[in-house]
Amino acid sequence: MAHIIVVGNEKGGSGKSTTCMHVGTALARLGFRVGALDLDLRQRSFGRYVENRRAYLARAGLNLPSPDYRELPELPADAVKPGENAFDARLAAAISDLAPQSDFIVIDCPGSHTRLSQVAHSLADTLITPLNDSFVDFDLLARVDPETGRVKGPSIYSEMVWNARQLRAQAGLKPIDWIVLRNRLGAQQMHNKKKVGAALEELSRRIGFRVAPGFSERVIFRELFPRGLTLLDLRDTGVDQLNLSNIAARQEVRDLMTELRLPGVRVDF
């Protein structure tokens, strides 16, 4: 069975598609077969990222390891069983197609609550939730007392993950390994960083996720998207000398892949 990695939360702009592309490409570079799906059927940021990559590599005459991205298939009406949700059937068909030829399947979820996102979370072996390092994004996970800063209880997204865990337990599947990424960690606002960090650590013990540092705010991530490249591709595309910021960003990718603790993965790039 392919190991399913779901990247999701219910807020846009947190770096989900960037995370998907770097995780998927890193696994492909390590020699794994990687399938990819984008469940944001409107914006398709991850899908467009992979399409940009295919177009750039074709223009440049390069053959770099890449995820095998697929669209959700359109199904004829008679392929959907009575009482079955059409989106459930499309997602099941896509995974059934990818799973026999994939070691990992990376799934990007939309920044909103949808049926597809809900089902995908119940399929996750590993769940990655990128989070901008602020209490605005933290509110997605939990409610905080404004006076004391103490966590009052889980919020809507955490409850959805809890429900997904319950469904997996009922089906006899292994628990979800949930990692919350602290993205856009800046060098400033140290007091706020400490408060967010303390709240995340408290919440992680209560509802069961691991906290990991993600990607810092860097211009390079925005520059890579139009060509569909990742930080791991730069030397293969003619960039011989990496500046200090790019070297630090590559190390963030290594640290993330190590922190994910994916089965059979030894990070050596």
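Here, each number is a calculation from the coordinates, and none is a lab measurement. The structure displayed is predicted, hence computed values, not measured ones. FYI the Cβ positions are ideal-geometry reconstructions off the backbone, even for glycines, and counts take in every protein chain you see.
Worth a mention:
- Candidates THR25, THR237, THR129, ranked by Gaussian network fluctuation over the chain, Cα under 10 Å, top entry: THR237
- Centroid-to-centroid separation of region 210-253 and region 148-165 [C-alpha atoms, Å]: 32
- Among PRO65, PRO226, PRO100, the largest mean-square fluctuation in a Gaussian network model of the chain (Cα springs under 10 Å) belongs to PRO100.
- Between TRP178 and LEU127, ARG210, the built amide H atoms are under 5 Å apart, and every one of these is 5 or more places off in sequence or on another chain.
- Each residue of region 128-133 was assigned a 3J(HN,Hα) from its phi angle through the Karplus expression (A = 6.51, B = -1.76, C = 1.60, θ = phi - 60°), giving 10, 10, x, 9, 5, 7 Hz with x at Gly and Pro.
- Taking Cα centre as origin and charging only the Cβ of basic (Lys, Arg, +1) and acidic (Asp, Glu, -1) residues, the dipole magnitude of the chain rounds to 420 debye.
- Dipole orientation for the chain: of the candidates MET160, ALA198, ALA120, ALA198 has the Cα lying most toward the positive pole (charges on Cβ; Lys, Arg +1; Asp, Glu -1).
- Rounded FRET efficiency, nearest 0.05, which uses the C-beta distance separating ALA79 from ARG42 and R0 of 22 Å: 0.40
- Given +1 at the Cβ of Lys and Arg, -1 at the Cβ of Asp and Glu and no other charges, the dipole of region 89-167 around its Cα centre is 300 debye to the nearest 20.
- Prolate/oblate/rounded call for region 53-146, Cα gyration tensor, a/c under 1.5 rounded: oblate
- Karplus-derived HN-Hα couplings along region 74-88 (A = 6.51, B = -1.76, C = 1.60, θ = phi - 60°), whole Hz, x at Gly and Pro: 7, 10, x, 4, 6, 7, 9, 5, x, x, 8, 6, 4, 5, 4
- Antiparallel bridge percentage (DSSP; both residues within the chain; nearest 5): 10
- Under the combined filter of DSSP loop state and at most 11 neighbouring Cβ atoms within 10 Å, region 10-93 retains these trypsin sites (Lys or Arg not before Pro): ARG42.
- If R0 is 22 Å, the Cβ-Cβ spacing of ARG218 and VAL136 corresponds to a FRET efficiency of close to 0.60.
- Inverse mean reciprocal Cα-Cα distance (Kirkwood Rh) of region 10-83, Å: 14.0
- Lys-Lys pairs in the chain that are eight or more residues apart or on separate chains and whose Cα atoms lie under 23 Å of each other come to 8.
- Within the chain, helix-based [θ] at 222 nm, where runs of 4 or more DSSP H residues each add -39,500 (n - 2.57), nearest 500: -13000 deg cm²/dmol
- GLU71/GLN170 FRET efficiency (R0 30 Å; Cβ-Cβ; nearest 0.05): 0.50
- Built amide H within the under 5 Å cut-off of ALA142, gap 5+: SER155
- Counting only DSSP beta bridges whose two residues both lie in region 128-269, roughly 25 percent are antiparallel.
- A simple spin-label model places pseudo-atoms 7 Å from Cα toward Cβ; at ARG205 and THR258 they are separated by 2.6 nm.
- Of all DSSP bridge pairs formed entirely within region 69-204, close to 30 percent run antiparallel.
- Among PRO76, ALA86, GLY47 - extreme Cα towards positive end, dipole of region 37-87, charges at beta-carbon: GLY47
- HN-Hα J in Hz across region 245-254 - Karplus 6.51, -1.76, 1.60, θ = phi - 60°, x for Gly and Pro: 5, 5, 5, 5, 5, 4, 5, 4, 5, 4
- Distant alpha-carbon pairs in region 1-130 (separation over 24 angstrom), percent: 26
- Its Cα centre serving as origin, region 1-65 has a Cβ charge dipole (Lys and Arg +1, Asp and Glu -1) of approximately 180 debye.
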